Amino acid sequence: MSRFGLRRTVLLKQRPKGEPKPSDFQIDESVVPEPGPGQVLTRTRWLSIDPYMRGRVSDRKSYAAPVEIGSMMTGETAGEVLASTVPEFAPGDLVVGSRGWQTHTISNASSLVKVPRGGPPLSTYLGVLGMPGATAYTGLTDIGRPKSGETVVVSAASGAVGSVAGQLAKRAGARVVGVAGGADKCLYVQDELGFDACVDRQTIDMPAELADACPKGIDVYFENVGGDVQRVVFNQLNPFARVIMCGMVSQYNEAELPPGPNLGFVIGKRVLMQGFIVSDKPERIAEWRQLAAPWVEDGSLRYREDVIDGLENAPDALAGILGGRNFGKLLVRVAEEAA
Ligand SMILES: NC(=O)c1ccc[n+]([C@@H]2O[C@H](COP(=O)([O-])OP(=O)(O)OC[C@H]3O[C@@H](n4cnc5c(N)ncnc54)[C@H](OP(=O)(O)O)[C@@H]3O)[C@@H](O)[C@H]2O)c1
């Protein structure tokens, strides 16, 4: 037995059909090893659950290789150092890294980033100050570039990416309209995040409600969901609109993709439409953290976390985010903070 006890790791057992199920995964237990030369042992406190993980458990062609059957699920984690053989890390240091669905990790020092104690909560480095926040920042500054007085629409507006994208568009002086699933999420988007309006994607006449909320049409669309929402927004785009193609979560569980949109309007309206992957520019995460950490600390950049307890519940959490059952940045609490 190790002095650090047992490590639990979530492995992919089979490729899910449709929504992922707990039976598509299995939990493996092993003794926590001591760190070897050049290595750091960490205990995971937080695991981030993100929509992109659905692509990793599928063998559909993608920009990133899938997780192999029998291998550990990939994912971003935040935790603390338990033991280290390198001078850069000491027990008690707080770190983030892409260390997978497991309770303990052995890492090379180069795969961990230290975060300060006494600053924003550790969990925020996976959400508002992490990959999702940097995604919103990159998409909005590189592609959307909203100007004062323009109208920006953001789908999945209460989520990790959408909530930041909308708040950044407000800072740029735009009129910002969210689209979100349900009255509670819409109230939060307006009252807490400060968007000018929010349309429920489940409402009976979404085209009319969106048109009411965007009387001057739509200049920038931050696309997170695809499907019906996309169809409605595309119909209301202004000439020279910019469309930030960030994600289309409504399709991630589909085995067969629906017929594509008719893109003739892109020519007639001279629309700029561009996709991007946040990891193309990894330097933007550090840049974003530096910019946004003071806003998180002074409360001017709002965020909400949806916490599920226990590593064994990570598969259910993944199914939930793909069905819109999360409300805010979805996190699994793998371990409590040490007393
Ligand atoms: N390009 C990149 O580098 C990059 C990086 C990170 C994330 N992304 C993408 O950004 C998007 C948002 O990610 P996130 O991490 O911030 O997740 P999130 O918004 O916190 O959670 C996903 C949300 O998508 C909405 N949704 C789920 N199923 C849907 C459906 N069938 N139809 C319409 N909406 C549905 C739900 O919000 P509502 O119920 O409010 O609609 C759900 O809460 C995803 O598409 C993700 O793939 C892209």
*What is the fewest-to-most order of CYS186, CYS246 by other Cβ atoms lying within 10 Å of their Cβ?*
CYS186, CYS246
*Count neighbours as other Cβ atoms within 10 Å of each site's Cβ, and list the trypsin sites (Lys or Arg not before Pro) in the stretch 285-339 that are DSSP loop with at most 14 such neighbours.*
ARG325
*Give me the number: length gained by fully extending LYS281 to SER98, i.e. 0.36 nm times residue separation minus the C-alpha to C-alpha distance, one decimal in nm.*
64.3 nm
*Assuming R0 = 45 Å, can you tell me the calculated FRET efficiency for the pair ASP228 and ASP298, based on Cβ-Cβ distance, to the nearest 0.05?*
0.75
_Most fluctuating residue given options PRO20, PRO87, PRO120, as computed from a GNM of the chain linking Cα atoms under 10 Å_ = PRO87
*Which semi-axis lengths, in whole Å and largest first, follow from the square roots of five times the eigenvalues of the Cα gyration tensor of the chain?*
37, 22, 17
*Report the calculated FRET efficiency for ASN313 and SER30 (r = Cβ-Cβ distance, R0 = 25 Å), to the nearest 0.05.*
0.80
*asked:* Can you tally the net charge around ARG325? Count Lys and Arg as +1, Asp and Glu as -1, for every other residue whose Cβ sits under 15 Å from the Cβ of ARG325.
replied: 0
_Using Cα-Cα distances under 8 Å and only pairs 6 or more residues apart, what relative contact order does the chain have, in percent?_
18
*Can you give me the relative contact order of the stretch 196-252 as a percent, contacts being Cα pairs under 8 Å and 6 or more apart?*
36
*Using a Förster distance of 22 angstrom, determine the FRET efficiency expected from the C-beta separation of VAL266 and SER148, and round it to 0.05.*
0.30
*asked:* Please list, in order along the stretch 237-254, the HN-Hα scalar couplings obtained from phi with the Karplus expression 6.51 cos²θ - 1.76 cosθ + 1.60 (θ = phi - 60°), rounded to whole Hz, x for Gly and Pro.
replied: 6, 7, x, 6, 5, 10, 10, 8, 8, 9, x, 9, 4, 5, 9, 5, 8, 7
*the chain - mean residue ellipticity at 222 nm from DSSP helices (-39,500 (n - 2.57) per run, n ≥ 4, rounded to 500)*: -6500 deg cm²/dmol
*Find how many whole Å separate the alpha carbon centroid of the stretch 255-333 from the alpha carbon centroid of the stretch 112-187.*
8
*Taking K and R as +1 and D and E as -1, what net charge do the other residues with C-beta under 14 Å from the C-beta of SER23 add up to?*
0
*Within a Gaussian network of the chain (alpha carbon springs, distance under 10 Å), most fluctuating of GLY194, GLY328, GLY264*: GLY264
*Which whole-number percentage describes the relative contact order of the stretch 114-174, with Cα contacts under 8 Å and a sequence gap of 6 or more?*
34
_For the chain, which cysteines have no second Cys with its Cβ under 4.7 Å from theirs?_
CYS214, CYS246
*asked:* What do you get for the angle between helix 160-171 and the principal long axis of the chain? Use alpha-carbon atoms, 0 to 90 degrees, nearest ten.
replied: 50
*Candidates ASN224, ASN326, ASN262, ranked by Gaussian network fluctuation over the chain, Cα under 10 Å, top entry*: ASN262
*In nm, what is the difference between 0.36 nm times the number of residues separating GLN251 and TYR63 and their Cα-Cα distance?*
66.1 nm
_Environment charge at VAL95 (Cβ cut-off 12 Å; Lys +1, Arg +1, Asp -1, Glu -1)_ = +1
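Where a number appears in this text, it was derived from the coordinates with a stated rule and is not lab data. Quantities reported herein were computed from a predicted structural model and do not represent experimental measurements. Glycine also receives a Cβ, built like all others from the backbone with ideal geometry; neighbour counts cover every protein chain displayed.
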